[in-house]
Amino acid sequence: MTDRQTIALVLGTRPEIVKLAPVVRELKSRGHPYTLVHTGQHYSSNLNSVFFDQLNLESPDYDLGVGSGSHGEQTGTMIREVEVALNEIDPAWVLVQGDTNSVLAGAIVTSKMDAKLGHIEAGLRSYDRTMPEEMNRILTDHASDHLFAPTESAAANLATEGITDCVTVTGNTVVDAVNQHSDLAAAESTVLGRFDLSPGEYLVLTAHRSENVDAKDRFRSIVKGVSRAADSVGFPVIYPIHPRAEERLSEFDLSIPENIRLAEPLDYLDFLHLQQHAATMVTDSGGVQEESCILETPCVTVRASTERPETVTVGANELVGVDTAKIVAAVKAAVETDADWKNPFGDGTAAEQILDIVCETLR
């Protein structure tokens, strides 16, 4: 074995915590040294520390508390602080997951160090370069020493960009996470009772992306479409609202129809349970598209493109943009879907496969 053994995981948002939880558990089960570096990109309690507690994960070794800011300001601060942390840790490997500013910061810092960079969930492409996440994905993939692609489609995307070496299709750790947590959510979550909901008789809305909630007309169209869809199927809507979106509602003076019930951001187990029993999800989140597909809950995505095209291919998801009439039609069709598609994201052993490869390089 080499002298340096520590694997550092750099993360900063709720989806990263969820998707890296299986990797952390696998590291613990192997007794392999690791260090968690949390940038603090999500800084409210329900979007951050409560997740570690609820998922029975140890608190991060480093909590950088970067918080919000413009993309440049936030990423720049992260690069500075992550560099300090990784220089102290001196890891053999750094693992990042996904497409956030935290991922990009971790990738840039690692590329300047004597450490290998592994990108989990590599190769996703929406082919919409106006999305900050798309640039984060591309730059991180091209900086990485090993790329853990969730699907063959993602690996094919990498090949078109000339990345063919050190690419392994492992499946997505989101399957590991959903498998590990859905039973726990069923046992512990009281979310349906709190909101007086019956399984299969409500819709869930999540809208938080800047291109949707920072544009008044787009945000209004989404809300109107979801409200009309809810009326057409006779179900209420639960909208666990992101702080950014809530600020925009006030700023734009947008009213919320009575059949859309706003809620504070939910903890992971509550949200997972809410997803599992919803008639349909309406979302602009890539992670929600994946989880809904795995949970056999139909999804309608209020975007023009997706970096999870597999969800559309298997019939679990429909892209509708923000057109009100298209949202209504898609929700009505989704509610009647049989949800008999095949999960395209692997068999739930992604974390094990990833660490088999990483740990082998350290022997």
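Let me have the relative contact order for the stretch 181-335, percent, based on Cα pairs under 8 Å that are six or more residues apart. List each step's numbers first, then the result.
Details: 267 pairs, mean separation 43.4, N = 155.
The normalised contact order for the stretch 181-335 reaches 28 percent.
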Amide H neighbours of residue 261 under 5 Å, counting only residues 5+ apart in sequence or on other chains, H built in-plane at 1.01 Å?
-> 237, 238, 239
For 206, 110, what's the fewest-to-most ordering of other Cβ within 10 Å of each Cβ?
-> 206, 110
Put a dot 7 Å past each Cα toward the Cβ at residue 71 and residue 168; how far apart are the dots in nm?
-> 3.2
Which one of 309, 33, 236 has the biggest mean-square fluctuation once the chain is modelled by GNM with Cα springs under 10 Å?
-> 33
Wrap a convex hull around the Cα atoms of the stretch 181-335, take a quarter of its surface area, and give that in square nanometres.
-> 8.1
Please work out the Cα center distance from the stretch 70-139 to the stretch 228-265, rounded to the nearest Å.
-> 33
Fully extended contour minus Cα-Cα distance, from residue 305 to residue 63, at 0.36 nm per residue = 83.8 nm
Relative contact order, percent, the chain [alpha-carbon distance under 8 Å, six or more residues apart] | 16
Looks like the stretch 159-212, by Cα gyration tensor root eigenvalues a ≥ b ≥ c and the a/c under 1.5 rounded cutoff (else prolate when a/b is bigger than b/c, oblate otherwise), is oblate
If r is the Cβ-Cβ distance from residue 152 to residue 258 and R0 is 30 Å, what FRET efficiency results, to the nearest 0.05?
-> 0.10
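For 34, 127, which order do you get if you count the other beta carbons within 10 Å of each Cβ and list the fewest first? All intermediate terms of the calculation are to be shown ahead of the outcome.
Values: 34 22, 127 11.
Placing the least packed residue first, the sequence is 127, 34.
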With springs connecting C-alpha atoms under 10 Å apart, model the chain as a Gaussian network and identify which of 163, 222, 138 has the largest mean-square fluctuation.
-> 163
Residues residue 338 and residue 228, FRET efficiency given R0 of 30 Å [Cβ-Cβ distance, rounded to 0.05] | 0.80
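Which length gain, in nm to one decimal place, applies between residue 53 and residue 130 when the Cα-Cα distance is subtracted from 0.36 nm times their residue separation?
Residue separation times 0.36 nm, minus the Cα-Cα distance, leaves 24.2 nm.
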Farthest toward the dipole's positive end in the stretch 181-335, which of 203, 292, 275, given Cβ charges of +1 (Lys, Arg) and -1 (Asp, Glu) about the Cα centre?
-> 203
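For residue 198 and residue 139, compute 0.36 nm times the residue count separating them, minus their Cα-Cα distance, and round to one decimal in nm.
16.9 nm
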Rounded to the nearest 0.05, what FRET efficiency is calculated for residue 190 and residue 323 with R0 set to 30 Å and r the Cβ-Cβ distance?
-> 0.25
According to a simple spin-label model (label point 7 Å from Cα along Cα-to-Cβ), what is the distance in nm between residue 160 and residue 314?
-> 2.1
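Rounded to a whole number, what is D in µm²/s for the chain from Stokes-Einstein with the Kirkwood radius over alpha-carbon pairs (4 °C, 1.567 mPa s)?
Working: Rh = 20.7 Å.
Stokes-Einstein gives a translational diffusion coefficient of 63 µm²/s.
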Within the chain, longest stretch free of exposed GluC sites (Glu not before Pro) [DSSP loop, at most 11 other beta carbons within 10 Å] = 59-257
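Just so you know, all these numbers are worked out from the coordinates, no wet-lab data involved. The model shown is predicted, which means the values in this text are computed figures rather than measured ones. Cβ sites come from the backbone with ideal geometry, for glycine too, and all protein chains shown count toward neighbours.
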